[in-house]
Amino acid sequence: MLNNTDSDHDLPSTADRNVKLGFNIAYLVLGVGGNSLVIAVMSSNKHKRSIPRLFVLNLAVSDIGFIAATLPINIYSHFKAIRQDLYYCRLLIPLSTGFYFLSIFTIASMAIYRCWLITKPFRPKMRMRSAYIWITTIWFSSLIIVLPLSVVSQTNNGICYENWPSINHRKAYTISLFMLQFVIPLLIIGVAYVRIGIYLWRSTVPQSSLPAHKRRRENIQVIKTLAIIVILFAICLLPGQIAWLLLDFGGKQELQIATVIFKFAQILDPLHACINPIIYGLSNEQFRKECMELFVDCFTRDPKQIKPQRPGQVSTIEASL
(Lines give C-alpha, C1' and ligand atoms only; values in the text may rest on other atoms or scores of the structure.)
Protein backbone atom coordinates (compact mmCIF):
# COMPACT_ATOMS: atom_id res chain seq x y z
CA MET A 1 0.00 0.00 0.00
CA LEU A 2 1.74 3.07 -1.27
CA ASN A 3 1.03 6.71 -0.66
CA ASN A 4 -0.63 8.71 -3.43
CA THR A 5 1.28 11.58 -4.92
CA ASP A 6 0.94 14.52 -2.63
CA SER A 7 0.70 16.90 -5.55
CA ASP A 8 -2.58 15.70 -6.95
CA HIS A 9 -4.78 18.33 -5.33
CA ASP A 10 -2.50 20.06 -2.85
CA LEU A 11 0.51 21.28 -4.79
CA PRO A 12 3.57 21.73 -2.55
CA SER A 13 5.80 24.77 -2.47
CA THR A 14 7.96 25.54 -5.48
CA ALA A 15 11.20 24.50 -3.77
CA ASP A 16 9.69 21.28 -2.45
CA ARG A 17 8.19 20.51 -5.86
CA ASN A 18 11.46 21.14 -7.68
CA VAL A 19 13.42 18.88 -5.33
CA LYS A 20 10.94 16.03 -5.71
CA LEU A 21 10.79 16.57 -9.47
CA GLY A 22 14.56 16.31 -9.67
CA PHE A 23 14.59 13.06 -7.69
CA ASN A 24 11.75 11.58 -9.76
CA ILE A 25 13.42 12.38 -13.08
CA ALA A 26 16.78 11.05 -11.88
CA TYR A 27 15.15 7.86 -10.57
CA LEU A 28 13.23 7.38 -13.80
CA VAL A 29 16.39 7.62 -15.91
CA LEU A 30 18.57 5.54 -13.58
CA GLY A 31 15.89 2.99 -12.74
CA VAL A 32 14.74 2.36 -16.29
CA GLY A 33 18.30 2.44 -17.64
CA GLY A 34 19.83 0.20 -14.97
CA ASN A 35 17.05 -2.36 -14.91
CA SER A 36 16.80 -2.42 -18.70
CA LEU A 37 20.53 -3.18 -18.84
CA VAL A 38 20.06 -6.05 -16.39
CA ILE A 39 17.17 -7.43 -18.44
CA ALA A 40 19.17 -7.16 -21.66
CA VAL A 41 22.23 -8.91 -20.20
CA MET A 42 20.33 -11.63 -18.35
CA SER A 43 18.13 -12.51 -21.31
CA SER A 44 20.72 -12.17 -24.10
CA ASN A 45 22.79 -15.28 -23.42
CA LYS A 46 20.84 -18.51 -23.53
CA HIS A 47 23.99 -20.55 -22.81
CA LYS A 48 24.31 -19.07 -19.32
CA ARG A 49 20.78 -19.50 -18.06
CA SER A 50 20.73 -20.38 -14.39
CA ILE A 51 18.40 -19.97 -11.43
CA PRO A 52 20.35 -17.04 -9.86
CA ARG A 53 20.22 -15.19 -13.17
CA LEU A 54 16.51 -15.95 -13.48
CA PHE A 55 15.85 -14.37 -10.07
CA VAL A 56 17.90 -11.29 -10.98
CA LEU A 57 15.95 -10.99 -14.24
CA ASN A 58 12.64 -11.21 -12.37
CA LEU A 59 13.81 -8.57 -9.89
CA ALA A 60 14.70 -6.20 -12.73
CA VAL A 61 11.29 -6.72 -14.34
CA SER A 62 9.47 -6.04 -11.06
CA ASP A 63 11.56 -2.92 -10.33
CA ILE A 64 11.09 -1.46 -13.79
CA GLY A 65 7.36 -2.21 -13.50
CA PHE A 66 7.19 -0.36 -10.18
CA ILE A 67 9.07 2.61 -11.63
CA ALA A 68 6.89 2.73 -14.74
CA ALA A 69 3.69 2.56 -12.67
CA THR A 70 4.64 5.39 -10.30
CA LEU A 71 7.31 7.84 -11.47
CA PRO A 72 5.79 9.08 -14.77
CA ILE A 73 2.55 9.89 -12.93
CA ASN A 74 4.48 11.59 -10.12
CA ILE A 75 6.42 13.70 -12.63
CA TYR A 76 3.26 14.70 -14.48
CA SER A 77 1.50 15.62 -11.23
CA HIS A 78 4.23 18.16 -10.46
CA PHE A 79 2.95 20.24 -13.38
CA LYS A 80 -0.76 19.51 -13.34
CA ALA A 81 -3.12 18.07 -10.74
CA ILE A 82 -4.36 14.60 -11.64
CA ARG A 83 -8.04 13.86 -11.27
CA GLN A 84 -8.07 10.37 -9.81
CA ASP A 85 -10.92 8.41 -11.38
CA LEU A 86 -12.00 4.90 -10.49
CA TYR A 87 -9.61 3.45 -13.09
CA TYR A 88 -6.71 5.26 -11.44
CA CYS A 89 -7.71 4.19 -7.94
CA ARG A 90 -8.51 0.56 -8.64
CA LEU A 91 -5.80 -0.25 -11.17
CA LEU A 92 -2.78 2.05 -11.06
CA ILE A 93 -2.31 2.28 -7.29
CA PRO A 94 -2.77 -1.49 -6.69
CA LEU A 95 -0.52 -2.16 -9.70
CA SER A 96 2.36 -0.16 -8.22
CA THR A 97 1.82 -1.89 -4.87
CA GLY A 98 1.82 -5.27 -6.61
CA PHE A 99 5.18 -4.59 -8.28
CA TYR A 100 6.44 -3.37 -4.90
CA PHE A 101 5.48 -6.72 -3.37
CA LEU A 102 6.94 -8.65 -6.29
CA SER A 103 10.31 -6.93 -5.86
CA ILE A 104 10.38 -7.67 -2.13
CA PHE A 105 9.30 -11.29 -2.57
CA THR A 106 11.96 -11.78 -5.25
CA ILE A 107 14.70 -10.39 -2.98
CA ALA A 108 13.57 -12.71 -0.17
CA SER A 109 13.44 -15.65 -2.58
CA MET A 110 16.97 -14.90 -3.74
CA ALA A 111 18.14 -14.90 -0.13
CA ILE A 112 16.55 -18.31 0.52
CA TYR A 113 18.00 -19.80 -2.66
CA ARG A 114 21.46 -18.36 -2.02
CA CYS A 115 21.48 -19.73 1.50
CA TRP A 116 20.60 -23.21 0.25
CA LEU A 117 23.02 -23.06 -2.68
CA ILE A 118 26.04 -21.87 -0.70
CA THR A 119 25.59 -23.57 2.68
CA LYS A 120 24.45 -26.90 1.18
CA PRO A 121 26.88 -27.30 -1.72
CA PHE A 122 26.53 -31.09 -1.93
CA ARG A 123 22.74 -31.22 -1.86
CA PRO A 124 20.79 -31.66 -5.11
CA LYS A 125 20.34 -28.35 -6.93
CA MET A 126 16.94 -26.92 -7.77
CA ARG A 127 15.78 -27.51 -11.33
CA MET A 128 14.83 -24.68 -13.67
CA ARG A 129 11.26 -25.92 -13.79
CA SER A 130 10.98 -25.53 -10.01
CA ALA A 131 12.40 -22.01 -10.27
CA TYR A 132 9.77 -21.05 -12.85
CA ILE A 133 7.04 -22.41 -10.56
CA TRP A 134 8.55 -20.46 -7.65
CA ILE A 135 8.56 -17.21 -9.60
CA THR A 136 5.04 -17.80 -10.89
CA THR A 137 3.93 -18.31 -7.28
CA ILE A 138 5.33 -14.99 -6.07
CA TRP A 139 3.70 -13.20 -9.02
CA PHE A 140 0.37 -14.78 -8.14
CA SER A 141 0.84 -14.04 -4.42
CA SER A 142 1.58 -10.36 -5.14
CA LEU A 143 -1.63 -10.12 -7.16
CA ILE A 144 -3.76 -11.78 -4.48
CA ILE A 145 -2.39 -9.56 -1.69
CA VAL A 146 -3.23 -6.29 -3.46
CA LEU A 147 -6.65 -7.50 -4.64
CA PRO A 148 -8.45 -6.22 -1.48
CA LEU A 149 -6.90 -2.79 -2.07
CA SER A 150 -8.40 -2.73 -5.56
CA VAL A 151 -11.82 -3.82 -4.27
CA VAL A 152 -12.13 -1.16 -1.54
CA SER A 153 -10.68 1.72 -3.57
CA GLN A 154 -13.18 4.46 -4.37
CA THR A 155 -12.99 8.00 -5.69
CA ASN A 156 -14.62 11.17 -4.39
CA ASN A 157 -14.15 14.56 -6.08
CA GLY A 158 -11.12 13.26 -7.92
CA ILE A 159 -9.39 11.86 -4.82
CA CYS A 160 -8.82 8.17 -4.05
CA TYR A 161 -9.81 6.73 -0.72
CA GLU A 162 -10.24 3.24 0.77
CA ASN A 163 -13.81 2.34 1.65
CA TRP A 164 -13.31 -0.44 4.20
CA PRO A 165 -16.30 -2.00 6.07
CA SER A 166 -14.80 -0.67 9.30
CA ILE A 167 -11.66 0.99 10.62
CA ASN A 168 -10.61 -2.35 12.11
CA HIS A 169 -10.58 -3.92 8.66
CA ARG A 170 -8.30 -1.14 7.42
CA LYS A 171 -5.98 -1.54 10.42
CA ALA A 172 -5.84 -5.30 9.94
CA TYR A 173 -4.87 -4.86 6.30
CA THR A 174 -2.22 -2.29 7.19
CA ILE A 175 -0.71 -4.63 9.77
CA SER A 176 -0.78 -7.48 7.24
CA LEU A 177 1.06 -5.36 4.68
CA PHE A 178 3.60 -4.29 7.28
CA MET A 179 4.34 -7.93 8.11
CA LEU A 180 4.38 -9.13 4.49
CA GLN A 181 6.23 -6.15 2.99
CA PHE A 182 8.82 -5.58 5.67
CA VAL A 183 9.01 -7.69 8.84
CA ILE A 184 8.88 -11.21 7.38
CA PRO A 185 11.06 -10.44 4.30
CA LEU A 186 13.63 -8.66 6.48
CA LEU A 187 13.78 -11.64 8.85
CA ILE A 188 14.19 -14.03 5.94
CA ILE A 189 16.89 -11.94 4.30
CA GLY A 190 18.71 -11.28 7.57
CA VAL A 191 18.72 -14.89 8.77
CA ALA A 192 19.67 -16.27 5.35
CA TYR A 193 22.56 -13.86 4.84
CA VAL A 194 23.85 -14.26 8.39
CA ARG A 195 23.95 -18.02 7.81
CA ILE A 196 25.76 -17.48 4.51
CA GLY A 197 28.24 -15.09 6.14
CA ILE A 198 29.01 -17.50 8.96
CA TYR A 199 29.43 -20.37 6.53
CA LEU A 200 31.76 -18.46 4.20
CA TRP A 201 33.81 -17.10 7.09
CA ARG A 202 34.35 -20.54 8.59
CA SER A 203 34.38 -22.58 5.40
CA THR A 204 37.51 -24.51 4.51
CA VAL A 205 35.81 -26.56 1.80
CA PRO A 206 37.17 -25.70 -1.65
CA GLN A 207 34.41 -24.07 -3.72
CA SER A 208 36.42 -23.45 -6.88
CA SER A 209 39.82 -23.92 -8.45
CA LEU A 210 41.02 -20.59 -6.98
CA PRO A 211 43.82 -20.55 -4.40
CA ALA A 212 42.76 -20.37 -0.75
CA HIS A 213 43.62 -16.67 -0.29
CA LYS A 214 41.64 -15.70 -3.40
CA ARG A 215 38.68 -17.76 -2.26
CA ARG A 216 38.88 -16.02 1.11
CA ARG A 217 38.92 -12.59 -0.52
CA GLU A 218 36.02 -13.59 -2.76
CA ASN A 219 34.01 -14.79 0.23
CA ILE A 220 34.66 -11.58 2.18
CA GLN A 221 33.45 -9.56 -0.80
CA VAL A 222 30.26 -11.62 -0.93
CA ILE A 223 29.70 -11.09 2.81
CA LYS A 224 30.08 -7.32 2.42
CA THR A 225 27.62 -7.31 -0.47
CA LEU A 226 25.07 -9.28 1.54
CA ALA A 227 25.41 -6.90 4.50
CA ILE A 228 24.81 -3.92 2.21
CA ILE A 229 21.69 -5.61 0.83
CA VAL A 230 20.17 -6.05 4.31
CA ILE A 231 21.04 -2.50 5.42
CA LEU A 232 19.69 -0.83 2.29
CA PHE A 233 16.53 -2.94 2.39
CA ALA A 234 15.81 -1.76 5.94
CA ILE A 235 16.71 1.90 5.34
CA CYS A 236 14.74 2.29 2.10
CA LEU A 237 11.57 0.45 3.10
CA LEU A 238 11.18 1.27 6.79
CA PRO A 239 10.05 4.96 6.56
CA GLY A 240 7.03 4.16 4.41
CA GLN A 241 5.98 1.32 6.69
CA ILE A 242 6.23 3.53 9.79
CA ALA A 243 4.24 6.29 8.07
CA TRP A 244 1.34 3.99 7.25
CA LEU A 245 1.26 2.62 10.81
CA LEU A 246 1.17 6.16 12.22
CA LEU A 247 -1.51 7.15 9.73
CA ASP A 248 -3.86 4.29 10.65
CA PHE A 249 -3.11 3.84 14.35
CA GLY A 250 -2.19 7.36 15.51
CA GLY A 251 -3.99 10.58 16.28
CA LYS A 252 -3.68 14.09 14.87
CA GLN A 253 -0.11 14.52 16.07
CA GLU A 254 0.94 11.20 14.55
CA LEU A 255 -0.79 12.23 11.31
CA GLN A 256 1.49 15.26 11.04
CA ILE A 257 4.54 13.09 11.66
CA ALA A 258 3.34 10.57 9.08
CA THR A 259 2.98 13.36 6.51
CA VAL A 260 6.64 14.32 7.00
CA ILE A 261 7.82 10.70 6.86
CA PHE A 262 5.87 10.11 3.65
CA LYS A 263 8.03 12.75 1.97
CA PHE A 264 11.12 10.68 2.74
CA ALA A 265 9.35 7.45 1.77
CA GLN A 266 8.52 8.88 -1.66
CA ILE A 267 12.27 9.32 -2.19
CA LEU A 268 13.48 6.06 -0.64
CA ASP A 269 10.94 3.62 -2.16
CA PRO A 270 11.95 4.27 -5.79
CA LEU A 271 15.58 4.57 -4.73
CA HIS A 272 15.53 0.90 -3.72
CA ALA A 273 14.28 -0.04 -7.20
CA CYS A 274 17.15 1.97 -8.73
CA ILE A 275 19.99 0.56 -6.62
CA ASN A 276 18.98 -3.09 -7.06
CA PRO A 277 20.66 -3.26 -10.52
CA ILE A 278 23.86 -1.95 -8.92
CA ILE A 279 23.76 -4.37 -5.99
CA TYR A 280 22.74 -7.49 -7.90
CA GLY A 281 24.31 -6.71 -11.26
CA LEU A 282 27.00 -4.08 -11.72
CA SER A 283 28.79 -5.05 -8.49
CA ASN A 284 29.44 -8.48 -10.02
CA GLU A 285 32.53 -8.89 -12.18
CA GLN A 286 30.94 -11.51 -14.43
CA PHE A 287 27.96 -9.24 -15.05
CA ARG A 288 30.24 -6.35 -16.01
CA LYS A 289 32.05 -8.59 -18.49
CA GLU A 290 28.77 -9.59 -20.07
CA CYS A 291 27.77 -5.92 -20.29
CA MET A 292 30.92 -5.21 -22.27
CA GLU A 293 30.28 -8.22 -24.50
CA LEU A 294 26.75 -7.00 -25.12
CA PHE A 295 27.93 -3.48 -26.03
CA VAL A 296 30.65 -4.82 -28.30
CA ASP A 297 28.17 -7.15 -29.98
CA CYS A 298 25.69 -4.31 -30.51
CA PHE A 299 28.26 -2.03 -32.14
CA THR A 300 30.27 -4.60 -34.11
CA ARG A 301 27.45 -6.98 -35.02
CA ASP A 302 29.90 -9.85 -34.54
CA PRO A 303 28.45 -13.14 -33.31
CA LYS A 304 29.33 -14.02 -29.75
CA GLN A 305 31.66 -16.86 -29.04
CA ILE A 306 30.65 -17.84 -25.54
CA LYS A 307 31.58 -21.12 -23.96
CA PRO A 308 28.52 -22.79 -22.41
CA GLN A 309 28.61 -23.68 -18.75
CA ARG A 310 28.09 -27.23 -17.63
CA PRO A 311 24.63 -27.78 -16.12
CA GLY A 312 24.62 -27.03 -12.40
CA GLN A 313 27.97 -25.22 -12.49
CA VAL A 314 27.36 -22.20 -10.24
CA SER A 315 30.13 -20.34 -8.45
CA THR A 316 29.86 -18.43 -5.17
CA ILE A 317 30.11 -15.16 -7.07
CA GLU A 318 27.31 -16.10 -9.47
CA ALA A 319 25.21 -17.19 -6.52
CA SER A 320 25.81 -13.72 -5.08
CA LEU A 321 24.06 -12.08 -8.05
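Structural remarks
- Largest first, the residues SER62, SER130 sort by 1.4 Å accessible area into SER130, SER62.
- For the set MET42, MET292, the ranking by accessible area, highest first and with no ligand, DNA or RNA atoms included, is MET292, MET42 under a 1.4 Å probe.
- Fully extended contour minus Cα-Cα distance, from ASN156 to ILE175, at 0.36 nm per residue: 4.3 nm
- Distance (nanometres) between label positions extended 7 Å along Cα→Cβ at TYR76 and ILE267: 2.6 nm
- Distant-in-sequence amide contacts of ILE159, defined by a placed amide H-H separation under 5 Å and a gap of 5 or more residues or a different chain, comprise GLN84.
- Per-peptide average of other Cβ atoms within 10 Å, ordering 236-245, 182-191 highest first: 236-245, 182-191
- Based on every Cα atom in region 121-211, Rg and the maximum pairwise Cα distance Dmax equal 21.1, 68 Å.
- The value of relative contact order for region 229-269, using C-alpha pairs under 8 Å at least six residues apart, is 50 percent.
- Cross-link table LYS80/LYS263; LYS48/LYS120; LYS20/LYS252; LYS171/LYS263; LYS80/LYS171, entries beyond 27 Å C-alpha to C-alpha: LYS80/LYS171
- HIS169 accessible area, 1.4 Å probe, all protein chains in place, Å² to nearest 10: 90 Å²
- Dividing the convex hull volume of the alpha carbon atoms of region 151-194 by its residue count gives 78 Å³ per residue.
- Percent RCO, i.e. relative contact order, over region 17-109, from Cα pairs under 8 Å lying at least 6 residues apart: 37 percent
- Here the Karplus curve 6.51 cos²θ - 1.76 cosθ + 1.60, taken at θ = phi - 60°, turns the phi angles of region 163-168 into couplings of 9, 7, x, 7, 5, 5 Hz, with x standing for Gly and Pro.
- Tail fraction, Cα-Cα pairs, region 87-128, threshold 15 Å, whole percent: 59 percent
- Take TRP116: with every protein chain present and a 1.4 Å probe, its accessible area is about 100 Å².
The values are calculated or read from the model by the stated rules, or taken from the named source; none is laboratory data. Keep in mind the model is a prediction, meaning the values are calculated, not measured. Don't worry about glycine lacking a Cβ; one is built from the backbone with ideal geometry, like all the others, and counts go over all protein chains shown. In case anyone asks, the SASA skips ligands and DNA or RNA and just uses the protein heavy atoms, side chains included. Shrake-Rupley method; radii C 1.70, N 1.55, O 1.52, S 1.80 Å.
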